[in-house]
Amino acid sequence: METVDVGVPIERHVGEDRVALTPEVVRRLTERGITVRVASQAGSKANFPDDDYIKVGASIVTQQQALGCNIVLTVRTPIDEDISNLKHGTLLIGMLNPFDKGNAVKLASAGLTAFALEAAPRTTRAQALDVLSSQANIAGYKATLIAAHHYPRFMPMLMTAAGTVKAARVLVLGAGVAGLQAIATAKRLGAIVEASDVRPAAKEQIESLGAKFLDVPFETDEEREAGLGSAGYARAMPQSWLARQAAMVHERAKQADIVITTALIPGRPAPTLIPVDTVAKMKGGSVIVDLAAGRGAEYQSHVGGNCPLTETDKVVVRYGVTIVGLSNLAAMMPTDASALYARNLLEFLKLIVTKEGTVNIDLDDDIVAATLLTRAGQVLRKF
């Protein structure tokens, strides 16, 4: 079988400053005898200059040459021009949005063997290549810092000669990886933090970080079953439970200074957690940071997030409330985001590249099978 060479192109989406491989991971690949070709300046926005790649054995090449390798590693689905420069049969590995059927068809039409790492199962064995967790961790941290930036007051309580400043009240909705990091960061900044999640197991995690868990008790077996989630993800909850949660969130949001929403269900629109009438009742100067921006329901000619008023990649003020809809927070911390992501890719490559440096796609491996999106012109994922 043909020995592999790995290409790392420049990410050409606007605002995407991450790079698929860092020099640290390139060194580990070249030590295994794998040829790595990095497009010139691919890592510059993440503070990895070309010279750092050369020192660990990579070749610096043009974008087209990086795309010409038989394995191409990306952060996101390449733009159409770059897809056209990929050879039929190329192994494309990255965060390829496996829930977007149109995107999958486009990759299949290009003759690519595409692996979407977001589709990896939530199992102990797959943790080391869990790209959703590694990037959500960064997003949750950055969300809190952005909230603090837009909030016109202090986060911690301060006792000064001029008087006492009350601590900010932060409400975090959704206690997955991003939500838990947002809670931890807000606590470090001295805020009073409350959090809610549909899963009962989140209570212990929330309270271990020093936040108060806002409990909406289950009243039916259907609610209880949905609250357990599925394959490590939250599930859509019954309307009866959602109505009780909405009433509680409405009251807590009115008292909050900062609300951070992180609720996403894979393959489905993000649920509405902060409706318009809630925003209208919030305090002037308060802040919403919506990590589901651009993935919610349509509202007045735009797609919202967990709040209908959220506008993708914009910061807007509605009813005196600042609503932050930045959709790629991990890319705003590209150095660490790239470092974690590159290690995720390395762990995945170990599953499909043998010690002899050849490709072996073993569909009996649950991780490989789950992430394989397209092959031989066919879309393999069901929509």
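A few points about this structure:
- Number of residues in the range 36-89 that are more than 23 Å from Leu372 (Cα to Cα) and not small (Gly, Ala, Ser) equals 20.
- Any hit, the range 205-216, residues being assigned to a loop (DSSP other than H, G, I, E, B), surrounded by fewer than 20 Cβ atoms within 10 Å (Cβ to Cβ), more than 20 Å from the chain's Cα centre (by Cα) and modelled with pLDDT under 95: yes
- Any chance Ala108 is touching a residue at least 40 places away in the same chain (Cβ under 8 Å), surrounded by 15 or more Cβ atoms within 10 Å (Cβ to Cβ) and either within 19 Å of the chain's Cα centre (by Cα) or not in a helix (DSSP H, G or I) (or both): no
- For the range 291-317, taking the residues that are touching a residue at least 40 places away in the same chain (Cβ under 8 Å) and surrounded by fewer than 18 Cβ atoms within 10 Å (Cβ to Cβ), the one that is nearest to His150 (Cα to Cα) is identified as Val315.
- Meets criteria (charged (D, E, K, R) and without any contact (Cβ under 8 Å) to a residue 12 or more places away in the chain) for Arg188: yes
- Remark: pairs (first residue in the range 62-88, within 13 Å of Lys106 (Cα to Cα); second residue assigned to a loop (DSSP other than H, G, I, E, B) and of a type in the set (A, V, I, L, M); Cβ separation under 7 Å; 6+ apart in sequence or on different chains) = Thr77/Leu96; Ile83/Ala110; Leu86/Ala110; Leu86/Leu112.
- Matching residues, the range 177-204, being surrounded by fewer than 16 Cβ atoms within 10 Å (Cβ to Cβ) and closer than 11 Å to Tyr141 by Cβ: Arg188
- Under the condition of being part of a strand (DSSP E or B) and of a type outside the set (S, T, N, Q), the residues counted in the range 341-363 number 2.
- Of the numbered criteria (1) within 18 Å of Pro78 (Cα to Cα); (2) more than 21 Å from the chain's Cα centre (by Cα); (3) crowded, with 24+ Cβ neighbours inside 10 Å, the one Arg37 fails is (3).
- Looking at Gly285, Gly305, just one residue is more than 28 Å from Ala104 (Cα to Cα) and touching an Asp or Glu at 6+ places or on another chain (Cβ under 9 Å), and that residue is Gly285.
- Among the residues examined, Asn70 does not qualify as of a type in the set (S, T, N, Q) and under 22 Å from the mean Cα position of the chain (by Cα).
- Matching entry among Asp82, Asp52 (being crowded, with 17+ Cβ neighbours inside 10 Å, farther than 24 Å from Asn103 by Cβ and assigned by TED's automatic domain parsing to the domain that holds Phe99): Asp52
- Whichever residue in the range 270-290 is assigned to a loop (DSSP other than H, G, I, E, B) and out of contact with any strand residue (DSSP E or B) (no Cβ under 7 Å at 6 or more places or on another chain) and, among such residues, is surrounded by the fewest Cβ atoms within 10 Å (Cβ to Cβ): Gly284
- Exactly one residue out of Ala143, Ala126 is in the same structural domain as Ile258 (by TED's automatic domain parsing) and in contact with a helix residue (DSSP H, G or I) (Cβ under 9 Å, 6 or more places away or on another chain): that is Ala143.
- First in the range 32-56 and at positive phi, second anywhere and at pLDDT 95 or above, Cβ under 6 Å, 6 or more apart: Asn47/Thr335
- Where a residue in the range 14-26 is among the polar types (S, T, N, Q) and its partner, wherever it lies, is in a loop (DSSP other than H, G, I, E, B) and at pLDDT 95 or above, with Cβ under 6 Å and at least six apart: Thr22/Phe48
- Just one of the listed residues (Ala66, Ala46, Ala42) is hydrophobic (A, V, I, L, M, F, W, C) and within 20 Å of Val359 (Cβ to Cβ), namely Ala66.
- Failed item in (1) in a helix (DSSP H, G or I); (2) under 15 Å from Ala342 (Cα atoms), with Gln64 passing the rest: (2)
- Residues of the range 371-383 satisfying the condition of being surrounded by 15 or more Cβ atoms within 10 Å (Cβ to Cβ) and touching a Lys or Arg at 6+ places or on another chain (Cβ under 9 Å): Leu372, Leu373, Thr374, Val379, Arg381
- Considering residues of the range 220-249 that are surrounded by fewer than 18 Cβ atoms within 10 Å (Cβ to Cβ) and modelled with pLDDT under 75 only, the residue farthest from the chain's Cα centre (by Cα): Arg224
The values are calculated or read from the model by the stated rules, or taken from the named source; none is laboratory data. Predicted model only: the values in this text are computed from it and were never measured. Note that each Cβ is placed from the backbone with ideal geometry, even for glycine, and that neighbours are counted across all protein chains shown.
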